[in-house]
1. Can you give me the number of residues within the range 201-223 that are in a loop (DSSP other than H, G, I, E, B) and either in contact (Cβ under 8 Å) with a residue 40 or more places away in the chain or at negative phi (or both)?
2. Considering only residues of the range 357-375 that are in contact with a strand residue (DSSP E or B) (Cβ under 9 Å, 6 or more places away or on another chain) and of a type in the set (Gly, Ala, Ser), which is farthest from SER104 (Cα to Cα)?
3. Inside the range 177-186, can you point out the residues that are touching a helix residue (DSSP H, G or I) at 6+ places or on another chain (Cβ under 6 Å) and either of a type in the set (Lys, Arg) or in a strand (DSSP E or B) (or both)?
4. Of the residues that make up the range 245-257, is at least one open to solvent by 10 Å² or more (accessible area, probe 1.4 Å), near the ligand (Cβ under 8 Å from one of its atoms) and under 23 Å from the mean Cα position of the chain (by Cα)?
5. For GLY238, indicate whether it is surrounded by fewer than 21 Cβ atoms within 10 Å (Cβ to Cβ), outside the structural domain of MET318 (by TED's automatic domain parsing) and either away from the ligand (no atom under 11 Å from the Cβ) or not aromatic (Phe, Trp, Tyr) (or both).
6. Looking at the range 258-277 only, could you name the residues that are of a type outside the set (A, V, I, L, M) and either more than 9 Å from the ligand (Cβ to nearest atom) or in contact (Cβ under 8 Å) with a residue 60 or more places away in the chain (or both)?
7. Would you check which residues across the range 301-356 are open to solvent by 10 Å² or more (accessible area, probe 1.4 Å), outside any helix (DSSP H, G or I) and at pLDDT 95 or above and list them?
8. Quick one: which strands (runs of 3 or more DSSP E) lie wholly within the range 104-168 and hold at least 1 residues that are at pLDDT 95 or above, touching a Lys or Arg at 6+ places or on another chain (Cβ under 9 Å) and among the aromatic types (Phe, Trp, Tyr)?
Amino acid sequence: MADIILLPGKEKRVWAGHPWIFKSDIARAKGDPAPGDTVRVTASNGRFLAMAAYNPASQIALRILSRRDGEISEAFIRSRVRRAIEYRKTFADLRSCRLIFAESDGLPAVIVDSFGDVLVLQCLCLGMEKYKETICDALMDEMRPRGIYERGDVPVRELEGLKQVTGVLRGEVPDRVRMEENGVRFWVDVKQGQKTGFFLDQKENRAAIAPFVRGKRVLDCFSHTGSFALHAAKYGAGEVTGVDISEFACECARENAELNGFSNVRFVAANAFDFLKEQCAAGEQYDVVILDPPAFTKTRAAVEAAARGYKEINLRGMKLLRDGGYLVTCSCSQHMLPGQFRDVVLSAARDAHVQLFQAEYRTQGRDHPILPAAPETQYLKCGIFRVDKNG
Ligand code: SAH
C-alpha cells in the first residue's frame, strides 16, 4: 500500500478532525498509488495520520476512511454501515430517512436514502466505488429492503473519473415507492425524481410548521413534490398554494395531494421569482410563506450573487405576509453560512420595513448528522420568523 506524505503543518486539519485533505496539502507519494486506491496518509515527519481514499484528479485528493493504521477490510466497511443504521434507529424512522450521510458517517461521498422498502444509493467519489458492493451487501443484511437503486446520474462523478450510472443494484425496485413522513403519505419517484427522489433533510422542519398553520392561508414556494404544502394541509391549513418551476414536480405533488385526500391544496408550475412579484402586484396576502429554493450557489465565489437571489425572494415573501404572519425561509447552499443567511434575511426585512421575531433557527434533520470538525457538513438553514409590520 502506498503512503501519501503531507506538507509540513498540513497534519493540523487532520488532527482537528476534518475528513478532507486537499491536493495542495500533499508533498509526495511513497510507492505508486493509482487513482481510487486506499492509501496511508502520514505527516511530513512520517507520523501516521489516517487511511484515505485517494484521487489526484480531485481537489479533495484524500477522503479519510479511518484514523487507525491498517487495511480497510470488508468487515470495517460493514461496521460503518451498521453504525450508521444504529444511529438512525435512535433518531429517525428507518423507513423514511437518510441512512448514510457520507463523511458524517465515515463513508465519504456515499449517500443512502431509505424510502419505504427501497433504498437509493449514490456513490460520488472514485475511491469508494470499490466498496459499493460491500455496502450493498451490508445494507441487504441489515435492512432487508425490497431493492437498492443507484442514482449515479450526477455530473460530479465525471469530475472524479467515474461514469454516470443509474440502475438496480439489488432486488427489485418499482418506479415509484410509497413512503410516509410525519404521517403524510408520498409517492417517491426514485428513478426519475430530483436527486434521490425526495428531500429528506427537511423532515423535522416540515413538522415544525404545525403550530402556526391551522386555518391559515399558506404559500409554499419551490414546493417540489409538495412536501411542505402537504404538511400544512395535514396540520389544518385553510388553503395552500405550492409553486414549482417543474411541471413534473407539480404533477407529482398533485398526486401526493390526492393520495392524502387533500382538496384545498393547489400546485402552480411557475418561476417563483415571477409568481412572488405577481402576487405582490395583485395585492394578495398570506398568513404563512415558505421559501425552500435550490442551492443558489455551488461555489464560494458566487455567494454574493446567491445572496441577492435569497434577498429578493425573502423581501417579496415578507411583503406578501399579513402582520404577524410566519416566514419559513431556507437555504441549502453549503457556502452560505448560517450567520450569513440570517443577515440576508435581516437585510430583506429592513427593505420591507418589517420587524423579524425569530421563533426558531433550525438546520437539517438529525439523520443528516453534522461533524463539528467539518462545518461544511452543516449546510441547511431553516429560519422560522414572525413578521411584524406595525411596530
Ligand atoms: N421544498 C421542497 C424542496 C425544494 S428543492 C421539499 O421540501 O421537498 C427546490 C425546488 O425548486 C425544485 O423542485 C426545483 O424544481 C424548484 N425550482 C428551481 N428553480 C425554481 C424557480 N425559479 N421557481 C420555482 N421553482 C424552482
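1. In the first step, residues of the range 201-223 are kept if they are in a loop (DSSP other than H, G, I, E, B); the result is 208-209, 213-216, 222-223.
After this cut, where a residue has to be either in contact (Cβ under 8 Å) with a residue 40 or more places away in the chain or at negative phi (or both) as well, the list is 208-209, 213-214, 216, 222-223.
Total meeting the criteria: 7.
2. ALA359
3. Looking only at the range 177-186, we keep the residues that are touching a helix residue (DSSP H, G or I) at 6+ places or on another chain (Cβ under 6 Å), and these are 181-182, 184-186.
Correct list: GLU181, VAL184, ARG185, PHE186.
4. For the range 245-257, residues open to solvent by 10 Å² or more (accessible area, probe 1.4 Å), near the ligand (Cβ under 8 Å from one of its atoms) and under 23 Å from the mean Cα position of the chain (by Cα): present.
5. Working: surrounded by fewer than 21 Cβ atoms within 10 Å (Cβ to Cβ): yes; outside the structural domain of MET318 (by TED's automatic domain parsing): no; either away from the ligand (no atom under 11 Å from the Cβ) or not aromatic (Phe, Trp, Tyr) (or both): yes.
So GLY238 does not fit the description; no.
6. Correct list: GLU258, ASN260, GLY261, PHE262, SER263, ASN264, ARG266, PHE267, LYS277.
7. Passing the criteria: ARG322, ASP323, GLY324, TYR326, CYS332, HIS353, VAL354, GLN355, LEU356.
8. Strands (runs of 3 or more DSSP E) meeting the threshold: 110-115, 147-152.
The values are calculated or read from the model by the stated rules, or taken from the named source; none is laboratory data. Everything quoted here is computed from the prediction, not taken from an experiment. A quick note on method: Cβ atoms are made from the backbone with ideal geometry, for glycine too, and the neighbour counts reach across all protein chains shown. Note: areas computed on protein heavy atoms with side chains; ligands, DNA, RNA excluded. Shrake-Rupley method; radii C 1.70, N 1.55, O 1.52, S 1.80 Å.
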